[in-house]
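See structure below.
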Amino acid sequence: MRKTICGHRVIGVAGFKNSGKTTLVEGLVRELSARGWCVSTVKHAHHSFDIDHEGRDSFRHRKAGAREVAVVARERWAIIHESASGEDPACLEEMLARMSPCDLVIVEGYKGGRHPKIEVRNLDLDHPELAGSEPGIVAIAASGALRHPELPVFVRDDYAAMADFIIDFMEMRRP
């Protein structure tokens, strides 16, 4: 298990569909950012997605054959990369290598990765447990009461307690 990848401290949030992963990531980013930490995220999607839309200049650039399109404004910028036919999807390390320095990267998905992860469980759904079968599970965030003697367990929306755990586990210290 690697806490640091490509110079970034990395903690994951992993679970099955509708377990509450995105809500947890959002809550942790909000909590840690409010405490003054610089947090970035990586979201792994199992399906195709598009942040660009027909009619936009950047969309037209891509459709004309541009491999990468950078869109730059005062408030934000993005690079849209078109994968070549048959090209493997970018791995977590490739994405982290492209990211700017920050205090912590929270990764949603990549549940089979070798980085530490918090498993998210929605107890109303009949999903298998990841702890014990997937590498790197260091804590569990559940939608209700749960006992797991080997791992810390948190109520899924207790962002403050999980932020405390992450800061301690990741050995994040103020300079």
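The values are calculated or read from the model by the stated rules, or taken from the named source; none is laboratory data. This is a predicted model, so every value here is computed, not measured. Every residue, glycine among them, receives a Cβ derived from its backbone with ideal geometry; neighbour counts consider all protein chains shown.
Quick notes
- Pairs with Cβ under 8 Å, 6+ apart, first in region 148-159 and more than 16 Å from LEU28 (Cα to Cα) and surrounded by 16 or more Cβ atoms within 10 Å (Cβ to Cβ), second modelled with pLDDT of 95 or more and among the aliphatic types (A, V, I, L, M): HIS148/ILE140
- ASP126 being in contact (Cβ under 8 Å) with a residue 60 or more places away in the chain, of a type in the set (D, E, K, R) and more than 17 Å from GLY12 (Cβ to Cβ): no
- Residue check, GLY109 within 21 Å of GLU26 (Cα to Cα), out of contact with any Asp or Glu (no Cβ under 9 Å at 6 or more places or on another chain) and either small (Gly, Ala, Ser) or surrounded by fewer than 16 Cβ atoms within 10 Å (Cβ to Cβ) (or both): yes
- Strands (runs of 3 or more DSSP E) (entirely within region 55-155) containing at least 3 residues that are at pLDDT 90 or above and in contact with a helix residue (DSSP H, G or I) (Cβ under 9 Å, 6 or more places away or on another chain): 104-108, 137-142
- Evaluation of ARG9 against the conditions (1) assigned to a strand (DSSP E or B); (2) more than 14 Å from the chain's Cα centre (by Cα); (3) among the charged types (D, E, K, R) shows that the sole unmet condition is (2).
- Total residues in region 128-147 satisfying the condition of being among the hydroxyl-bearing types (Ser, Thr, Tyr) and surrounded by 14 or more Cβ atoms within 10 Å (Cβ to Cβ): the figure is 1.
- Every residue from region 62-77 that is loosely packed, with under 13 Cβ neighbours inside 10 Å and in contact with a strand residue (DSSP E or B) (Cβ under 9 Å, 6 or more places away or on another chain): ARG67, GLU68, ALA70, VAL72, TRP77
- Some residue of region 119-127 being surrounded by fewer than 11 Cβ atoms within 10 Å (Cβ to Cβ) and over 20 Å from GLY7 (Cα atoms): yes
- Any chance GLY36 is modelled with pLDDT of 85 or more, touching a Phe, Trp or Tyr at 6+ places or on another chain (Cβ under 7 Å) and not in a helix (DSSP H, G or I): no
- Failed item in (1) more than 16 Å from VAL138 (Cβ to Cβ); (2) assigned to a helix (DSSP H, G or I), with LYS17 passing the rest: (2)
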